[in-house]
1. Taking interchain pairs and intrachain pairs at least six residues apart, which have beta carbon atoms under 9 angstrom, with the first residue in the stretch A:284-297 and away from every other protein chain (no Cβ under 13 Å) and farther than 20 Å from residue A:252 by Cα and the second outside any strand (DSSP E or B) and at pLDDT 95 or above?
2. Regarding residue A:57, is this residue within 11 Å of another protein chain (Cβ to nearest Cβ), surrounded by 18 or more Cβ atoms within 10 Å (Cβ to Cβ) and not basic (Lys, Arg)?
3. Mind telling me which of the residues A:49, A:69, A:86 ends up being surrounded by fewer than 20 Cβ atoms within 10 Å (Cβ to Cβ) and either more than 19 Å from residue B:42 (Cβ to Cβ) or charged (D, E, K, R) (or both)?
4. Restricting to the stretch B:98-127, give me the number of residues that are of a type in the set (Asp, Glu) and either within 14 Å of another protein chain (Cβ to nearest Cβ) or buried (at least 16 other Cβ atoms within 10 Å of the Cβ) (or both).
5. For the stretch A:234-255, which positions are more than 17 Å from residue A:119 (Cβ to Cβ) and touching a residue at least 60 places away in the same chain (Cβ under 8 Å)?
6. Can you spot a residue in the stretch B:83-97 that is more than 24 Å from residue A:100 (Cα to Cα), more than 9 Å from chain A (Cβ to nearest Cβ), surrounded by 18 or more Cβ atoms within 10 Å (Cβ to Cβ) and not hydrophobic (A, V, I, L, M, F, W, C)?
7. Which condition does residue B:99 not pass, out of (1) of a type in the set (Ser, Thr, Tyr); (2) in contact with a helix residue (DSSP H, G or I) (Cβ under 8 Å, 6 or more places away or on another chain); (3) without any contact (Cβ under 8 Å) to a residue 60 or more places away in the chain, if it passes all the others?
8. Only one residue in A:60, A:90 is in a strand (DSSP E or B) and modelled with pLDDT under 95. Which one?
Amino acid sequence: MRFITLLLLLINFLNAYDLGKGLELTKYLKVGGYTSFEYEKSKYENEIEIEDIALILYSEYLNFSYLVEFESSDFAKYNFMKHESELNEEFHIERAYIDYQFSQKFKVRVGKFITPIGYWNLTPVNVLRDSLLNPIYSDRIFPKYVTGAKVYGYLGNYEYSLFNQNKNAIDKEYLNISVDKYYGLSIKREFENFGFDISIGEFRELSESESHYLSLSLKYQTKKWQHLFEYAIAEDEWVEERAIKYAFYLQSRYRVDRKNYITLRYEHFDNREFNEKDDIVFLGYNHRIKYPISLKFELVNELNSNESRFTTSLSVLF
Amino acid sequence: MKKLIVIFLTSLLFANDYVVIISNSNKIEEVKKDELKNIFLKKRNFVGEVKVYPVNLPADNLVRKRFEKSILNMDREDISEYWMEKHYYGITPPFIQNSEVALIKFIKNFDGAIGYISKEKIDKELKVIYEF
């Protein structure tokens, strides 16, 4: 009898649950998450891993909303070359913030949140992205996350974001650049098929170098095609040195049909002071078994070293 | 020519059979189509200074299907994918009421609620702000 009751409860749960849309546990708590399984093969790597496991909790009530995301990155991996496995059971805070909306023009966010720059940076999870691999542009020029406060909203058809950080991040794990001071402004405008974003910012790394950057993003989209161009330039300053670096990528994505996408991308990074230069060509195929389940196959070639790598991933949003 | 007449008459037959409504006590007088789309996709949640809360009918409801075709210009799968993406950002889809009767009751009792119904169901306590 107990077994039948449990079975009925499970059936009810499965009926209520829609993959990719989370589960509303109470009026003030919705739960979701994502995961990503990845395999990489190159001259130096032959590795399989559970790259991401994340839990997202959120809700909205009147003018308030909140979101907390816990993530374990590199959760488990096995290296075929070294015959070694690793397990990382620690979860860290990826995002944690509270919003209050005063009006369409003015909304405040406090906590740890994604830096509002461009397009690529706004979607840091594999399952929602066009590719597992990030373009260099998104990794090396500006911090991907802010811990502080943001005011944002719409002024007419322009979306603005003004943010500030004055101390260390909430949970420094998984940050691409660790900072204790960061502020910036972005302006975005979307039309039916076209959009652009201009962002500027300044930050201080924990290593005490200071940087300021400018970023420009352009998007053109039709039913079948999406073209993205994002460019960022930054000047890094230390006590007696300074360096200018820039990165950009140009990406075209073709929608074969609702479930199948092909992506081609060219990336460039240049930091002449340190003699760093990268040119990368990327070709990827994304098959959405269902929308929240993405199976990707990707080939990357680093033109300067003529090295290639192949990756495949299966990611799920739940 | 005959084909044109048939198309014209058909469009008259189905023209503006549905309305977007708010409570009579709400200050909003009218909304534009693109504003409505932004509201029901939760890209905007104010009309002027008034906070609005979009309310949908169930997914299989004919009025909702007509609304999605006329106003959102998205098919059901596009809408479903859109809300899956918004789920990552902590944005929930609009409230759902099980019927037009329930939706009307909700709009009368929840300040700022905005929904859509068949035109013949309007009563004195509701204000029409868009017809489709």
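1. Partner pairs satisfying both residue conditions: A:289/A:259.
2. So residue A:57 fits the description; yes.
3. Exactly one of A:49, A:69, A:86 is surrounded by fewer than 20 Cβ atoms within 10 Å (Cβ to Cβ) and either more than 19 Å from residue B:42 (Cβ to Cβ) or charged (D, E, K, R) (or both), namely A:86.
4. 2
5. A:234, A:245, A:246 - these are the residues of the stretch A:234-255 that are more than 17 Å from residue A:119 (Cβ to Cβ) and touching a residue at least 60 places away in the same chain (Cβ under 8 Å).
6. Scanning the stretch B:83-97 turns up at least one residue that is more than 24 Å from residue A:100 (Cα to Cα), more than 9 Å from chain A (Cβ to nearest Cβ), surrounded by 18 or more Cβ atoms within 10 Å (Cβ to Cβ) and not hydrophobic (A, V, I, L, M, F, W, C).
7. With respect to (1) of a type in the set (Ser, Thr, Tyr); (2) in contact with a helix residue (DSSP H, G or I) (Cβ under 8 Å, 6 or more places away or on another chain); (3) without any contact (Cβ under 8 Å) to a residue 60 or more places away in the chain, residue B:99 is out only on (2).
8. Numbers: A:90 fails: in a strand (DSSP E or B).
Result: A:60 is the single residue among A:60, A:90 that is in a strand (DSSP E or B) and modelled with pLDDT under 95.
The values are calculated or read from the model by the stated rules, or taken from the named source; none is laboratory data. All figures in this text were calculated on a predicted structure; none of them were measured in a lab. We place every Cβ from the backbone using ideal geometry, glycine too, and count neighbours over all the protein chains shown.
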